[in-house]
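Working notes, structure below.
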Amino acid sequence: METTDTPSTDPAFTILDNLADLDATVDGSAPSIHKVARTDGAAVVRIVFKPGQAMREHSAPKPILLVGQRGIIDLEIDGITTQLVPGTAVHIKTRVRHALTASEPAAMTLLILNPSD
């Protein structure tokens, strides 16, 4: 199967590649956040962390799905910490406060669900 670095333009489907790649340009105290695509039903965002980087407690105006792609990211919700690892996904309801911290190089995909509602 041929792959591409850009979303397909076919109206029936969208191919998104390189979601697990670590971004060499990540620097400073904040993770690298890259909007990958807006599809029918979801916005797709790639977030890459260097060790020690975090996203302080925040919430999303829509339901979200966090998908672990590489490394380990600690996800805290309501005082409970779980690890987001490759192959793991966590659904978070609208406006639920959560925080993310990486202790090693890590990448995740954020799906913001129903962005057109």
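Summary table below
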read-out	value
Selected residue (criterion: modelled with the highest pLDDT) from residues of the range 27-40 that are farther than 22 Å from residue 106 by Cβ and either under 14 Å from the mean Cα position of the chain (by Cα) or part of a loop (DSSP other than H, G, I, E, B) (or both)	38
Unique residue being farther than 22 Å from residue 113 by Cβ and acidic (Asp, Glu) when the list is 74, 78	74
Complete set of residues in the range 64-85 that are assigned to a strand (DSSP E or B), of a type in the set (D, E, K, R) and more than 10 Å from residue 107 (Cβ to Cβ)	74, 76
Residue match in the range 41-59 (condition: in a strand (DSSP E or B) and acidic (Asp, Glu))	yes
Residues within the range 43-79 that are in contact with a Pro (Cβ under 7 Å, 6 or more places away or on another chain) and either crowded, with 20+ Cβ neighbours inside 10 Å or over 27 Å from residue 14 (Cα atoms) (or both), tallied	10
Single residue of 101, 109 found to be part of a strand (DSSP E or B), within 14 Å of the chain's Cα centre (by Cα), farther than 22 Å from residue 14 by Cα and touching a residue at least 12 places away in the same chain (Cβ under 8 Å)	101
Options 101, 94, 88; residue that is closer than 20 Å to residue 29 by Cβ and of a type in the set (Ser, Thr, Tyr)	101
Residue match in the range 3-26 (condition: within 13 Å of the chain's Cα centre (by Cα), assigned to a loop (DSSP other than H, G, I, E, B) and modelled with pLDDT of 95 or more)	no
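The values are calculated or read from the model by the stated rules, or taken from the named source; none is laboratory data. Everything numeric in this text was worked out from a predicted model, so none of it was measured. Positions of Cβ are generated from backbone atoms using ideal geometry, with glycine treated the same way; all protein chains shown enter the neighbour counts.
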